[in-house]
1. Please get the size of the charge dipole for the protein assembly as shown, origin at its Cα centre, with Cβ charges of +1 on Lys and Arg and -1 on Asp and Glu, quoted in debye to the nearest 20.
2. Can you run phi through the Karplus equation (6.51, -1.76, 1.60; θ = phi - 60°) for the stretch B:155-168 and list ³J(HN,Hα) in whole Hz, with x for Gly and Pro?
3. State, as an integer percentage, the relative contact order of chain A based on alpha-carbon contacts under 8 Å between residues 6 or more apart.
4. In square nanometres, what is the average projected area of the Cα convex hull of the stretch B:56-162?
5. Could you check which residue among A:V124, A:V166, A:V111 shows the biggest mean-square fluctuation in a GNM of chain A with a 10 Å Cα cutoff?
6. Can you tell me the dipole magnitude for the stretch A:12-63 around its Cα centre, using point charges on the Cβ only (Lys, Arg +1; Asp, Glu -1), in Debye to the nearest 20?
7. So between A:S38 and A:E177, what do we pick up on full extension, going 0.36 nm a residue minus the alpha carbon distance?
8. Can you give the calculated 222 nm mean residue ellipticity of chain A, where each DSSP H run of n ≥ 4 adds -39,500 (n - 2.57) and the sum is split over every residue, rounded to the nearest 500 deg cm²/dmol?
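Since every read-out is calculated from the coordinates, none of them should be taken as a lab result. Bear in mind that the values here come from a model prediction, so they are computed numbers and not experimental data. Neighbour counts run over all protein chains shown; Cβ positions are idealised from the backbone, glycine included.
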2 protein chains.
Amino acid sequence: MTRRSGRRPGASGTRESIRAAAGHQFAELGFDRTSMRSIAAEAGVDPGLVAHFFGTKHELFVDVVDLPFDPQQVVPVIFAGDREHIGRRLADFLLTTLDDPEGRRRITGLVRAAASEPEAARMVRELITRQVFARIIDALGVDDADLRASLVGSQVVGLVMARHIVGVEPLASLSAERAAALIAPNLQRYLTGPLDAD
Amino acid sequence: MTRRSGRRPGASGTRESIRAAAGHQFAELGFDRTSMRSIAAEAGVDPGLVAHFFGTKHELFVDVVDLPFDPQQVVPVIFAGDREHIGRRLADFLLTTLDDPEGRRRITGLVRAAASEPEAARMVRELITRQVFARIIDALGVDDADLRASLVGSQVVGLVMARHIVGVEPLASLSAERAAALIAPNLQRYLTGPLDAD
């Protein structure tokens, strides 16, 4: 909706304009080529306001590059049920999210951003570590939970790359259900299996 | 490709100049922003010569974006030994290759290229499919070998992303040996395990 009231939008309207411009530019240009100034220009606000509301470009990136789900809601549900099927529940959730166009767009956007530039990689790492891994570690409640979470992360990001970004067949064409069934036991080992048995 | 009789003495030097310029530009600019013309300019040759020697930009990319090992040598060795330790041999080879600066540079370059643009992704997919997966499928010699190879691919690309591009801890700081030991059983299941048991 275009608004032409002759007054500046209120603070919350300004924040949302900035977030929308930032989200668009980070996705289109990548982190390095997006500037506070270019975001301000697209949002039609003074560059000082961007810093005023969001702090640094780093903080703005973390604010706008969002997961398509709330980990605070999702992680406890996946980890609360019986322990021997966490891998399957996690795989089902992941593949279902990736089957939805908006979920897929956001997750592949995060993976692409992480692969593009070291600075963006650092931010995606922080986002995932704080928002997702911290909760998985908490839910697992074992000594090596951080290692297990990072191993799960390696399979998850690899699945997104292989299935949705590179399009490796036949993995890319499988139904979400079948793909989930195939990776579930591997996620399960990383989460609860003996890690050092060979 | 037909070759005219009376080959010019400078042909192999020219080919190498073009390959070097192309390798440099694909890595620096990505696939889309590199042109046959810009490669010719850097190599100091006529643009027509680039097409003459390499065909399309696509074919040139596939020619210069190389793996840091020869799959024809490596795959048979990894797959020839006892079947229950293929995962471990593959993991050891992979982590050792990634521990070497040149090997790491080339492999992370391939993964970054694949994540950056759909066109580059298609080319990396072709390279990996033809050069690596075809040999793995051949060596495994089972009906669902193509699916197994693509699942292995998902774990391998994810490991490269998590350990070397995003830098997820503690996975990123583990020794190559320990990281290999951790992922080996998961590679093993994808290669030889029951895929649909859950």
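1. With only Lys, Arg, Asp and Glu charged at Cβ, the dipole is about 1260 debye.
2. So the Karplus estimates, Gly and Pro as x, are 6, 5, 5, x, 5, 4, 4, 5, 7, 10, 9, 7, x, 6 Hz.
3. It comes to 24 percent, rounded to a whole number.
4. For the stretch B:56-162, averaging the hull's shadow over all directions gives 6.9 nm².
5. A:V166
6. 60 debye
7. Net length gain for the segment: 45.8 nm.
8. Only helices count here, giving -21000 deg cm²/dmol.
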